[in-house]
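Novice: Pasting in a structure now, in structure tokens, and then I'll have a few things to ask.
The values are calculated or read from the model by the stated rules, or taken from the named source; none is laboratory data. In this text, all values refer to a predicted model and were calculated from it rather than measured experimentally. Don't worry about glycine lacking a Cβ; one is built from the backbone with ideal geometry, like all the others, and counts go over all protein chains shown.
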Amino acid sequence: MFNWIVRSSLHNRLFVLAVAAMLMVFGAITAWRAPVDVFPDLNKPLITVLTEAGGMAPQEVEQLVTFPLETALNGMPGVTRVRSTSGVGLSLVYAEFDWGTDIYRNRQLVAERLAIVRAQMPGDITPVMGPVSSIMGEIMLVALPLVPGDGKTPVANPMQAREYADFVLRPRLLSIPGVSQVIPIGGEVRTLRVAPDTARMAQFGVSLTQVEQAIKGYASNAGGGFIDLNSREYLIRHLGRSNRAEDLAGIAVAWKYGRAILLEQVASVSFAAGLKRGDAGYNGMPAVVVSVQKQPDADTVKLTAQIESALSELKQGLPVGLAAPRVLFRQADFIKASIGNVAEALRDGAIMVAIVLFAFLLSVRTTVISLVAIPLSLAVTALVFQLLGQSINVMTLGGLAIAIGELVDDAVVDVENILRRLKQNRLAGNPVPLLEVVRRASV
């Protein structure tokens with residue numbers, strides 16, 4: 001087989017050169033467009049189930065939430081391990097599947113089990129699946145710092161910064177293909193706080209249960225069907241949704257002596273920051289930090305460029321008193337630095353090989369012929385990477401750097417053997433054709 005390949009190549013030299021040139025061009029284009037990352041895809045199919053159980057201690061979370069979820073997820077097809085963590089008001093369950101299994105089929109299996117176990121959860125607790133992400137999923141950390149006040153310009157507060165991150169920045173970043181999750185950290189979450197006054201409640205004879213029931217029915221729309229009037233149907237709607245604290249303060253919580261007792265008479269109602277269990281800052285100042293995570297198959301470098309473009313677009317609509325976004329962590333910088341270091345080693349190795357070849361062979365033509373194998377082999381490797389779905393990363397480039405030595409060694413041995421045979425054939429009394437000499441030397 002190898003003998004036939006060598007003979008056919010020698011008899012079709014122009015065709016071989018044309019094919020090599022095409023491979024060089026297509027390989028270079030493919031390598032330019034190939035995804036770049038730190039490491040190859042090392043993500044074992046993993047599904048995370050998150051359950052918020054506000055007010056529960058870790059022991060109750062473990063017994064009432066985590067254990068039923070673990071029992072439901074164990075035994076599913078392809079599951080290799082189930083791990084869990086129970087904390088204050090939070091349960092995390094991790095289901096690992098076999099290598100090579102379809103992550104979306106696995107999520108369908110988990111969704112079916114969650115639908116079954118949901119009836120066993122206490123109260124209104126609902127377990128949800130986390131997004132599809134990867135081990136190196138966190139690609140950016142973006143800070144939204146507050147501008148220090150100087151007495152002249154308005155100053156944004158942490159609540160406004162958090163609302164901008166939740167309702168403007170996060171939806172815009174999630175619309176970018178390849179972004180898996182955007183998590184705002186820090187700031188203040190706006191809540192509508194009702195602080196009952198127990199003395200006034202006792203004075204009016206209002207219980208805490210009555211206040212709770214009145215608040216539950218607040219700010220909700222409802223449908224009332226329709227009525228048929230004059231051969232026309234009219235839709236009936238109850239419009240009660242409101243975002244004004246005054247509307248909540250004016251609802252009736254009880255009736256005494258034919259008069260309504262309003263919520264504002266027994267409690268104070270106002271917008272306030274929700275309870276925080278952590279915070280974020282930038283250079284010692286309050287800020288909201290946004291964590292951006294990518295999907296497993298996304299190109300980190302290209303996705304980072306798209307995110308930065310989106311951040312530039314949003315600068316025009318920043319609230320007054322909120323500084324422009326600052327990038328705290330950028331995984332693409334580490335990728336470029338790592339790939340650049342390996343690429344420099346690859347380049348320096350090729351230069352050293354060229355110098356050594358010329359020093360030993362003392363022939364520019366022979367050196368060039370031997371060195372042609374390097375870019376041609378790299379171009380073919382780029383095409384193979386595309387067929388196998390591989391990316392350009394530190395491990396693949398490191399392997400190529402090591403392979404250059406073997407590659408050039410084989411090329412030098414073959415070229416040197418051909419040159420020696422050609423010299424011997426030139427001095428022989430009955431020389432054979434040159435192509436036959438090359439074939440015998442190569443085989």
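Novice: Just a yes or no: is a residue in segment 69-82 charged (D, E, K, R), in contact with a strand residue (DSSP E or B) (Cβ under 7 Å, 6 or more places away or on another chain) and assigned to a strand (DSSP E or B)?
Specialist: yes
Novice: Here's something else I'd like to know. Under 17 Å from LEU314 (Cα atoms), assigned to a loop (DSSP other than H, G, I, E, B) and small (Gly, Ala, Ser) - does that describe any residue in segment 165-187?
Specialist: For segment 165-187, residues under 17 Å from LEU314 (Cα atoms), assigned to a loop (DSSP other than H, G, I, E, B) and small (Gly, Ala, Ser): present.
Novice: Taking the options LEU314, LEU383, name whichever one is within 30 Å of the chain's Cα centre (by Cα), under 30 Å from GLU416 (Cα atoms) and modelled with pLDDT of 85 or more.
Specialist: Details: LEU314 fails: under 30 Å from GLU416 (Cα atoms).
Within the list LEU314, LEU383, the selection yields LEU383.
Novice: Same structure, new question: Which is surrounded by fewer than 17 Cβ atoms within 10 Å (Cβ to Cβ) and assigned to a helix (DSSP H, G or I), of VAL342, VAL368?
Specialist: Values: VAL342 fails: surrounded by fewer than 17 Cβ atoms within 10 Å (Cβ to Cβ).
On inspection, the qualifying residue turns out to be VAL368.
Novice: Can I ask one more? Scan segment 292-333 residue by residue and report those that are on the phi > 0 side of the Ramachandran plot and either crowded, with 20+ Cβ neighbours inside 10 Å or assigned to a helix (DSSP H, G or I) (or both).
Specialist: Initially, segment 292-333 is screened for residues on the phi > 0 side of the Ramachandran plot, giving 321.
Matches in segment 292-333: none.
Novice: Hey, another quick one. Evaluate the following for THR381: is it part of a helix (DSSP H, G or I), touching a residue at least 24 places away in the same chain (Cβ under 8 Å) and touching a strand residue (DSSP E or B) at 6+ places or on another chain (Cβ under 7 Å)?
Specialist: Values: part of a helix (DSSP H, G or I): yes; touching a residue at least 24 places away in the same chain (Cβ under 8 Å): yes; touching a strand residue (DSSP E or B) at 6+ places or on another chain (Cβ under 7 Å): no.
In short, no.
Novice: For the condition over 30 Å from ALA28 (Cα atoms) and in contact (Cβ under 8 Å) with a residue 40 or more places away in the chain, what is the one hit in LEU427, LEU435, LEU422?
Specialist: Being over 30 Å from ALA28 (Cα atoms) and in contact (Cβ under 8 Å) with a residue 40 or more places away in the chain holds for just one of LEU427, LEU435, LEU422, which is LEU435.
Novice: Now for a different question. Which condition number does GLN63 fail, the rest of (1) touching a strand residue (DSSP E or B) at 6+ places or on another chain (Cβ under 6 Å); (2) part of a helix (DSSP H, G or I) being met?
Specialist: (1)
One line per residue, one yes/no per condition, for (1) touching a Lys or Arg at 6+ places or on another chain (Cβ under 7 Å); (2) in the same structural domain as ASN12 (by TED's automatic domain parsing); (3) within 22 Å of LEU10 (Cβ to Cβ); (4) of a type outside the set (A, V, I, L, M, F, W, C):
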position: ASN341; (1), (2), (3), (4): no, yes, no, yes
position: ALA354; (1), (2), (3), (4): no, yes, no, no
position: LEU357; (1), (2), (3), (4): no, yes, no, no
position: ARG365; (1), (2), (3), (4): no, yes, yes, yes
position: LEU383; (1), (2), (3), (4): no, yes, no, no
position: MET395; (1), (2), (3), (4): no, yes, no, no
position: LEU422; (1), (2), (3), (4): no, yes, yes, no
position: PRO431; (1), (2), (3), (4): no, yes, yes, yes
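Matching residues to (1) within 24 Å of THR30 (Cβ to Cβ); (2) within 29 Å of the chain's Cα centre (by Cα); (3) modelled with pLDDT under 80; (4) basic (Lys, Arg):
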{"residue": "SER370", "(1), (2), (3), (4)": "no, no, yes, no"}
{"residue": "ALA373", "(1), (2), (3), (4)": "yes, no, yes, no"}
{"residue": "SER391", "(1), (2), (3), (4)": "yes, yes, yes, no"}
{"residue": "VAL394", "(1), (2), (3), (4)": "yes, yes, yes, no"}
{"residue": "GLY398", "(1), (2), (3), (4)": "yes, yes, yes, no"}
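Novice: Still on this structure, please answer the following. Tell me whether segment 268-290 contains one or more residues that are out of contact with any Cys (no Cβ under 8 Å at 6 or more places or on another chain), without any contact (Cβ under 8 Å) to a residue 12 or more places away in the chain and farther than 18 Å from ASP166 by Cβ.
Specialist: To start, the set of residues in segment 268-290 that are out of contact with any Cys (no Cβ under 8 Å at 6 or more places or on another chain) comprises 268-290.
If we keep only those that are without any contact (Cβ under 8 Å) to a residue 12 or more places away in the chain as well, we get 275, 277, 284.
Those left that are additionally farther than 18 Å from ASP166 by Cβ: 284.
For segment 268-290, residues out of contact with any Cys (no Cβ under 8 Å at 6 or more places or on another chain), without any contact (Cβ under 8 Å) to a residue 12 or more places away in the chain and farther than 18 Å from ASP166 by Cβ: present.
Conditions (1) among the small types (Gly, Ala, Ser); (2) crowded, with 17+ Cβ neighbours inside 10 Å; (3) without any contact (Cβ under 8 Å) to a residue 60 or more places away in the chain, marked per residue:
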{"residue": "GLU112", "(1), (2), (3)": "no, no, yes"}
{"residue": "VAL155", "(1), (2), (3)": "no, no, no"}
{"residue": "GLN160", "(1), (2), (3)": "no, yes, no"}
{"residue": "VAL182", "(1), (2), (3)": "no, yes, no"}
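Novice: Could you go through segment 4-24 and let me know if any residue there is without any contact (Cβ under 8 Å) to a residue 40 or more places away in the chain, aliphatic (A, V, I, L, M) and under 30 Å from LYS302 (Cα atoms). Break it down stepwise before answering.
Specialist: Taking segment 4-24 first, the residues without any contact (Cβ under 8 Å) to a residue 40 or more places away in the chain are 4-5, 8-9, 12-19, 21-22.
Now narrow it down to the ones that are aliphatic (A, V, I, L, M): 5, 14, 16-19, 21-22.
Filter once more, so that each one left must be under 30 Å from LYS302 (Cα atoms): 21-22.
Within segment 4-24 (the criterion being without any contact (Cβ under 8 Å) to a residue 40 or more places away in the chain, aliphatic (A, V, I, L, M) and under 30 Å from LYS302 (Cα atoms)), the answer is yes, since at least one residue qualifies.
Novice: Which number in (1) outside any loop (DSSP other than H, G, I, E, B); (2) modelled with pLDDT under 90; (3) surrounded by 14 or more Cβ atoms within 10 Å (Cβ to Cβ) marks the one condition that ALA119 misses?
Specialist: (3)
Novice: Okay, moving on. VAL82 versus (1) farther than 18 Å from VAL128 by Cβ; (2) among the hydrophobic types (A, V, I, L, M, F, W, C); (3) assigned by TED's automatic domain parsing to the domain that holds MET121: which is the lone unmet condition?
Specialist: (1) is the only condition that VAL82 fails.
Novice: Shifting gears a bit: Assess whether GLU212 counts as being part of a loop (DSSP other than H, G, I, E, B), modelled with pLDDT of 85 or more and either touching a His at 6+ places or on another chain (Cβ under 9 Å) or surrounded by 11 or more Cβ atoms within 10 Å (Cβ to Cβ) (or both). Outline the logic, then answer.
Specialist: On the way: part of a loop (DSSP other than H, G, I, E, B): no; modelled with pLDDT of 85 or more: yes; either touching a His at 6+ places or on another chain (Cβ under 9 Å) or surrounded by 11 or more Cβ atoms within 10 Å (Cβ to Cβ) (or both): yes.
Answer is no for this residue.
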